[in-house]
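Provided herewith is a single structure, encoded as structure tokens, for subsequent inquiry.
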Amino acid sequence: MEVTKQEYVDAVVDRICQYMDREMAGILAPMWTYTWQRFWYNGGPRGRKTVDEMIKDHRYALSSRLYVHSAATWLRIAFDTVLARGKEVISLDEYSLFLKCFDVHPLSAKFAFHSLDTNHDNLLSKEEFINGGRLFFTASNSTVGDHFWGPMLA
Ligand SMILES: [Ca+2]
């Protein structure tokens with residue numbers, strides 16, 4: 001079984017361009033493509049990887065300090081320039097739009113949103129967003145970050 005760039009990157013970029021406005025898509029689509037190039041696809045002629053290769057690459061990337069720093073930067077840019085655009089917080093609708101680009105159902109997005117909303121004000125602050133995303137990739141125990149990408153578990 002293989003993972004292709006088409007599945008991992010292009011399908012997401014297509015949804016970003018379909019669901020988000022031009023300004024948001026113009027930032028998030030290249031960010032997502034860069035993520036594949038920088039962390040998950042380490043060269044090779046095929047533009048695809050086996051699932052085992054992807055797991056190995058994820059394990060390697062997630063164990064590096066560079067990744068943890070880069071993930072926090074990625075999340076901060078996504079929050080500031082794509083989702084919140086000058087606001088301090090984002091709504092359920094804005095978070096749902098973000099996850100919709102990754103093919104997450106709105107009901108799962110709602111569950112994820114409320115999991116990340118640790119102060120229960122029905123809004124996600126930048127801190128809650130970044131903390132959830134960071135924990136999704138770095139925590140080995142169960143945390144609020146478990147549902148950052150919807151029902152997918154790290
Ligand atoms: Ca909150």
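The values are calculated or read from the model by the stated rules, or taken from the named source; none is laboratory data. Here the structure is a predicted model, which is why all the values come from computation and not from measurement. FYI the Cβ positions are ideal-geometry reconstructions off the backbone, even for glycines, and counts take in every protein chain you see.
Within segment 116-137, restricting attention to residues that are in a helix (DSSP H, G or I) and either within 12 Å of the ligand (Cβ to nearest atom) or β-branched (Val, Ile, Thr) (or both), which residue is farthest from Leu75 (Cα to Cα)? Please lay out each step first, then the result.
Filtering segment 116-137 for residues in a helix (DSSP H, G or I) gives 116, 126-137.
Right, trim to either within 12 Å of the ligand (Cβ to nearest atom) or β-branched (Val, Ile, Thr) (or both) and you get 116, 126-132.
Details: Leu116: 14, Lys126: 9, Glu127: 10, Glu128: 11, Phe129: 8, Ile130: 6, Asn131: 9, Gly132: 10 Å.
This residue is Leu116.
Then there is this: What pairs come out if I take residues in segment 104-119 that are within 12 Å of Pro151 (Cβ to Cβ) and of a type in the set (A, V, I, L, M) and pair them with residues that are outside any loop (DSSP other than H, G, I, E, B) and more than 16 Å from the ligand (Cβ to nearest atom) whose C-beta lies under 6 Å away, six or more apart or interchain?
Ala109/Leu99
Inside segment 100-115, can you point out the residues that are more than 12 Å from the chain's Cα centre (by Cα) and in a loop (DSSP other than H, G, I, E, B)? Give the derivation first.
Applying the first criterion (more than 12 Å from the chain's Cα centre (by Cα)) to segment 100-115 yields 105-115.
Listed by number, the list holds a single entry, His105.
This table checks each residue for (1) over 24 Å from Gln18 (Cβ atoms); (2) surrounded by fewer than 17 Cβ atoms within 10 Å (Cβ to Cβ); (3) within 16 Å of the ligand (Cβ to nearest atom); (4) of a type in the set (Gly, Ala, Ser).
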position	(1), (2), (3), (4)
Lys56	yes, yes, no, no
Arg65	yes, yes, no, no
Ile77	no, yes, no, no
Cys101	no, no, no, no
His114	yes, yes, yes, no
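Starting from segment 121-134, keep only residues that are modelled with pLDDT under 95, then list their pairs with residues that are near the ligand (Cβ under 9 Å from one of its atoms) and among the hydroxyl-bearing types (Ser, Thr, Tyr) whose Cβ atoms are within a distance under 8 Å, requiring at least 6 positions of separation or different chains.
Correct list of pairs: Asn131/Thr118.
Right, another one. Say we look at segment 82-92 and pick out the residues that are modelled with pLDDT of 95 or more and in a loop (DSSP other than H, G, I, E, B); which of these is farthest from the ligand (Cβ to nearest atom)?
This residue is Lys87.
Quick one: count up the residues across segment 79-91 that are more than 16 Å from the chain's Cα centre (by Cα), within 14 Å of Ala112 (Cβ to Cβ) and buried (at least 17 other Cβ atoms within 10 Å of the Cβ). Quick ask: steps written out before the conclusion?
At the first step, the residues of segment 79-91 found to be more than 16 Å from the chain's Cα centre (by Cα) are 85-89, 91.
Retained after the next criterion (residues that are within 14 Å of Ala112 (Cβ to Cβ)): 91.
Of the ones still in play, those that are also buried (at least 17 other Cβ atoms within 10 Å of the Cβ) are none.
Qualifying residue count for the region: 0.
Given the structure, is Gly150 under 15 Å from the mean Cα position of the chain (by Cα) and either on the phi > 0 side of the Ramachandran plot or more than 13 Å from the ligand (Cβ to nearest atom) (or both)?
Details: under 15 Å from the mean Cα position of the chain (by Cα): yes; either on the phi > 0 side of the Ramachandran plot or more than 13 Å from the ligand (Cβ to nearest atom) (or both): yes.
For Gly150, the condition - under 15 Å from the mean Cα position of the chain (by Cα) and either on the phi > 0 side of the Ramachandran plot or more than 13 Å from the ligand (Cβ to nearest atom) (or both) - is met.
So, one more: Just one of the numbered conditions (1) within 12 Å of the chain's Cα centre (by Cα); (2) part of a helix (DSSP H, G or I); (3) surrounded by fewer than 20 Cβ atoms within 10 Å (Cβ to Cβ) is not true of Tyr95; which one?
(3)
Could you check, for segment 69-84, whether at least one of its residues is closer than 16 Å to Glu128 by Cα, in contact with an Asp or Glu (Cβ under 9 Å, 6 or more places away or on another chain) and either free of Cβ contacts under 8 Å to residues at least 12 places away in the same chain or small (Gly, Ala, Ser) (or both)?
Within segment 69-84, one or more residues are closer than 16 Å to Glu128 by Cα, in contact with an Asp or Glu (Cβ under 9 Å, 6 or more places away or on another chain) and either free of Cβ contacts under 8 Å to residues at least 12 places away in the same chain or small (Gly, Ala, Ser) (or both).
Does any residue of segment 15-26 turn out to be at positive phi and modelled with pLDDT of 80 or more?
Checked segment 15-26: no residue is at positive phi and modelled with pLDDT of 80 or more.
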